[in-house]
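Presented below is the structure to which this report refers.
The values are calculated or read from the model by the stated rules, or taken from the named source; none is laboratory data. Just so we're clear, the structure is a prediction, and the values are computed from it rather than from any experiment. Cβ: placed from backbone, ideal geometry, glycine included. Neighbour counts: every protein chain shown.
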Amino acid sequence: MARVSAEIPFSLPRPSALQGWLPRAALALALMAAFILYAPGLGGGFLFDDQPNLALNEALRQARPTWDSALAVIRSGNAGPLGRPVAMLSFAVNVWLTGMNPFWFKLTNVLIHLANGILIYILTGLLLGQLAESGQAGLTPLRRRWIAAATASLWLLHPLNLTSVLYTVQRMTSLAATFTLLGMILYVLGRCCWLRPKPQWGTGVVLMLGGVVGCGALAALSKENGLLIVLFVFLIEWLFFRFRAGNPLARRLLLGGHLLLAGAPVLGGAVWYLGLHLDQLAAGYGGRPFTLAERVLTEPRILWHYVHWLLVPDIRNLGLFHDDIPVSHGLADPPTTLPAVLEWLLAAGLALWAWRKAPVFAFGVLFFLAGHAMESTVFPLELVHEHRNYLPSWGILLMLCYYLLHPEWGRVWAKLRGRMASRGEPLLAVRAAVLTGFVLLAAGGTWARALSWSDQRALVLAEVTHHPLSARANFTAGRVMIETAENFGRDTPRARELRNLARVFYRHANELDDYYLVGRFGLLTLDALDGKPVDRELLADLKAHLRRGPVAANQVYTLTRLLEDDLRDRWNLPAEVLLEAADALLENPRLPGPWRRDVLVAALKVAFRHHAYAQALRYARGQVALDGDDPSFRLNLAQALYLNGEQAAGWRELQKATELDRDGRLAAARAFIEAHMRPDQAAGQAAGSGTTGQ
């Protein structure tokens, strides 16, 4: 019977694990280096998607260490179908301890990243220990520690992982990785309990189920791809443990358990989405400038980009925005599409063919692909994001470090070259030097990126420099130029210079992507700031796209922010321009219900404020059509009816709002409307003062 691996990097099975301090010293050095490299980016503030998810999240801003407040923060998460409550609760803890200061949010992210590096070291050592137990030559305890330390160090310092750390909201990704790694470690320890000379069956079951089910649930509630832990532990079982067990019953339990945990959800999900609800899956592409088929064709090319960025860490290829990568419209458009598909089929086929003789190669390839099974397949998500590689990259880096540091592979190479096998060790020294240089190169890239992330203006200029054909990078650069201009006063020469630069970026964004409409919003805003008349041709073009084009989150977010900014008199953009754009978007049948609600709420406030009572009535009726049981919507409709002279209908809506407001939440607003918005006073009231704001 196989013995428990001695290579558990802490004192559980054997005290010999305390030896070999040099690899652990190297890991400690990498941990300190990672902290130092990320330090410049800690002062960068909230950026991009941090704004709607964190900085503008009222429940989070008002978070208090109470049960009700914690529940409000948990419920405020809308980044995924599960709401990601564990990640949201971690943000709430930051607010409880240090307020909304982004420095502490980012510092917490860095500490999570360092903890994940330690977990990768432990897990890598455990898996290599199992290879040694199965007879893999050359994997001495010291060698295993060095491979584990090199893998963890390279992963910690690689610049591709930076957005998962310094992009504050991506704690959802790194925290999901924490629980996934911990779950895999517990699974491996549980399996080791079954392989002892005196198997500990109960302890093993508790550890394995605690890892897969317990930690898997926490991972999924941090981010939905935590569910992929079932695929990861299957790969670990198949390639490292090979379903070894002390007796036939235990082996059958293992096979049945993995079939239940991994096979059933995958098969059930495929039947659910592809068989029964394909129309719903396809409907999710209504807000994307690509189809389901185009996404499936494009992702193999994207996956090769990810591998290239891992193996060639050139920061000029990295960035927040990768919309400059063209979409695949067919197997020959662009020509690299079919080769990318065939190359992945070949790689996966080689992994399956070589799983016995080269389990690390098989694991590296299949783990990487499994890690992208949710975000790089059929679901209607954006095509490219670097943070999707945060955990999957471990598979590729483990494979790289293993084959560079394993002495047996040096001897194989020496034989192929016609030299003596004894030359393996000198070759190993050369390969170790190459790996060290690679780690240093990766660290330099992380340092350079962190310096850019220390300042929003430096970051966007780096993005647009490295990705000049990205519409998003150009628009973001223009927006930051406008915000920077505000610091110099609206009519100063420096402010005008920055606004002219913003205009160049916005125009370029429009030229690059006809469906990326936020650049058109930016040009209209610039005209308002410069005191120019409304460009009716530009506005007509914007409205035409809003009515019939795909609806993207950035369009809805930009429009609702501009509507809210009107209430603060920020941009001087005429209200009729904003309301015309809102009307056009509301006419689009692709606009999802939650986004429709956001637009209606924001547009109603502006309509009331500017005495556009007829439009306000349309928006209020639209709210009630979405949710007739919401008392705030009924109250808004009552007020709009009053202001349009429909007194009797308004009184009826007021009574409905009173009946629906069972907890009295809107009592003050109802009393105000009843007292001040009577039919004989409606025409003279200051519009909007009694709205519920919902």
Restricting the range 418-451 to residues that are closer than 23 Å to Ala149 by Cα and of a type in the set (Ser, Thr, Tyr), the residue that is modelled with the lowest pLDDT: Thr436
Does the range 486-503 contain at least one residue that is of a type in the set (S, T, N, Q), closer than 23 Å to Asp323 by Cα and either modelled with pLDDT under 95 or in a helix (DSSP H, G or I) (or both)? no
Which one of Gly214, Gly226 is touching a residue at least 24 places away in the same chain (Cβ under 8 Å), surrounded by fewer than 18 Cβ atoms within 10 Å (Cβ to Cβ) and out of contact with any strand residue (DSSP E or B) (no Cβ under 8 Å at 6 or more places or on another chain)? Gly214
Can you name the number of the only condition in (1) of a type in the set (Asp, Glu); (2) within 27 Å of Val551 (Cα to Cα); (3) at pLDDT 80 or above that Asp279 fails? (3)
Exactly one of Arg84, Arg145 is touching a Leu at 6+ places or on another chain (Cβ under 7 Å), closer than 30 Å to Glu237 by Cα and of a type in the set (D, E, K, R), and that one is Arg84
Pick from Ser328, Ser393: which is crowded, with 21+ Cβ neighbours inside 10 Å and within 28 Å of Val165 (Cα to Cα)? Ser393
For the range 348-357, how many residues are without any contact (Cβ under 8 Å) to a residue 24 or more places away in the chain and either of a type in the set (Val, Ile, Thr) or assigned to a loop (DSSP other than H, G, I, E, B) (or both)? 3
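One line per residue, one yes/no per condition, for (1) modelled with pLDDT of 80 or more; (2) in a loop (DSSP other than H, G, I, E, B):
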site	(1), (2)
Gly650	yes, no
Leu654	yes, no
Glu659	yes, no
Gly664	no, yes
Ala669	no, no
Arg678	no, yes
Checking Gly135 against (1) surrounded by fewer than 16 Cβ atoms within 10 Å (Cβ to Cβ); (2) touching an Asp or Glu at 6+ places or on another chain (Cβ under 9 Å), only one condition comes out false. Which one? (2)
Among the candidates Leu398, Leu381, residue that is part of a loop (DSSP other than H, G, I, E, B) and farther than 21 Å from Leu469 by Cβ: Leu381
Working only within the range 47-101, note down all residues that are over 27 Å from Leu227 (Cα atoms), in contact (Cβ under 8 Å) with a residue 40 or more places away in the chain and among the charged types (D, E, K, R). none
Among the listed residues Trp409, Trp394, which satisfies the condition of being at pLDDT 95 or above and either in the same structural domain as Asn225 (by TED's automatic domain parsing) or touching a helix residue (DSSP H, G or I) at 6+ places or on another chain (Cβ under 9 Å) (or both)? Trp394
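To keep it simple, each residue is scored yes or no on (1) over 23 Å from Tyr285 (Cβ atoms); (2) surrounded by 14 or more Cβ atoms within 10 Å (Cβ to Cβ); (3) over 21 Å from the mean Cα position of the chain (by Cα); (4) free of Cβ contacts under 8 Å to residues at least 12 places away in the same chain.
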| residue | (1), (2), (3), (4) |
| --- | --- |
| Ala332 | no, no, yes, yes |
| Val341 | no, yes, yes, no |
| Leu346 | yes, no, yes, yes |
| Pro359 | yes, yes, yes, no |
| His372 | no, yes, no, no |
| Ser376 | no, yes, no, no |
Within the range 277-334, work out how many residues are among the acidic types (Asp, Glu) and either touching a Gly at 6+ places or on another chain (Cβ under 8 Å) or not assigned by TED's automatic domain parsing to the domain that holds Asn161 (or both). 1
Checking the structure you have, find out if any residue of the range 569-589 is surrounded by fewer than 22 Cβ atoms within 10 Å (Cβ to Cβ), acidic (Asp, Glu) and assigned to a loop (DSSP other than H, G, I, E, B). yes
Sort out which residues of the range 108-162 are of a type in the set (Phe, Trp, Tyr) and closer than 18 Å to Phe367 by Cβ, and write them in order of number. Tyr121, Trp155
Would you be able to tell me the number of residues in the range 348-357 that are surrounded by 14 or more Cβ atoms within 10 Å (Cβ to Cβ) and either at pLDDT 95 or above or among the basic types (Lys, Arg) (or both)? 3
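Table: residues versus (1) over 26 Å from Phe243 (Cα atoms); (2) aliphatic (A, V, I, L, M); (3) outside any helix (DSSP H, G or I).
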position: Thr173; (1), (2), (3): yes, no, no
position: Leu181; (1), (2), (3): no, yes, no
position: Arg196; (1), (2), (3): no, no, yes
position: Pro199; (1), (2), (3): no, no, yes
